[in-house]
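I have placed the structure first, in the form of structure tokens, so that the comments after it can refer back to it.
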Amino acid sequence: MHEIFESSAALGWQALFLLGNPAYYSRFGFELSAPHGIRSRYSDEHFQFKELAAGSLDGVEGEFVYHEAFEGGGVVTDRSGREDRRCP
């Protein structure tokens, strides 16, 4: 994770977002986004952020919009090669 933080900051990114277990990712400084006014259509109780530049998200509110590659028609293949179409 620390390599991701350093690489992202070097690229000029000011914050990172993810969906994951808050108990796990909080150890890396991630916080739940919803209490800060940033929501996800997928899971507010798992949607988190970490500022790489202090204050970069001050005053930011609204819905996080995913890139179209992650929207609709998602297909996941399990280890046996079967398609699992439960992805949004």
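Could you grab me the full set of residues in the stretch 45-61 that are surrounded by 15 or more Cβ atoms within 10 Å (Cβ to Cβ) and out of contact with any Asp or Glu (no Cβ under 8 Å at 6 or more places or on another chain)?
Filtering the stretch 45-61 down to residues surrounded by 15 or more Cβ atoms within 10 Å (Cβ to Cβ) leaves 46-52, 57.
Answer for the stretch 45-61, where residues must be surrounded by 15 or more Cβ atoms within 10 Å (Cβ to Cβ) and out of contact with any Asp or Glu (no Cβ under 8 Å at 6 or more places or on another chain): His46, Phe47, Glu51, Leu52.
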Problem set entry | Condition check for Glu31: acidic (Asp, Glu), modelled with pLDDT of 95 or more and within 12 Å of the chain's Cα centre (by Cα) | yes
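Just the residues that are part of a loop (DSSP other than H, G, I, E, B), free of Cβ contacts under 8 Å to residues at least 40 places away in the same chain, surrounded by 11 or more Cβ atoms within 10 Å (Cβ to Cβ) and over 11 Å from the mean Cα position of the chain (by Cα), please, taken from the stretch 1-20. Walk me through how you get there before you give the answer.
Step one: of the stretch 1-20, the residues part of a loop (DSSP other than H, G, I, E, B) are 1, 11-14, 20.
Narrowing further to those that are free of Cβ contacts under 8 Å to residues at least 40 places away in the same chain: 1, 11-13, 20.
Checking which are surrounded by 11 or more Cβ atoms within 10 Å (Cβ to Cβ) leaves us with 1, 13, 20.
Result: Met1, Trp13.
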For this session: Return the total of residues in the stretch 11-42 being farther than 14 Å from Met1 by Cα and not β-branched (Val, Ile, Thr).
Result: 19
Exercise. What number goes with the only condition from (1) hydroxyl-bearing (Ser, Thr, Tyr); (2) over 23 Å from Gly59 (Cβ atoms); (3) modelled with pLDDT under 95 that Tyr24 does not pass?
Worked result: (3)
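The values are calculated or read from the model by the stated rules, or taken from the named source; none is laboratory data. For clarity, every value in this text was computed on a predicted model and none was experimentally measured. Positions of Cβ are backbone-derived with ideal geometry, glycine not excepted, and every protein chain shown enters the neighbour counts.
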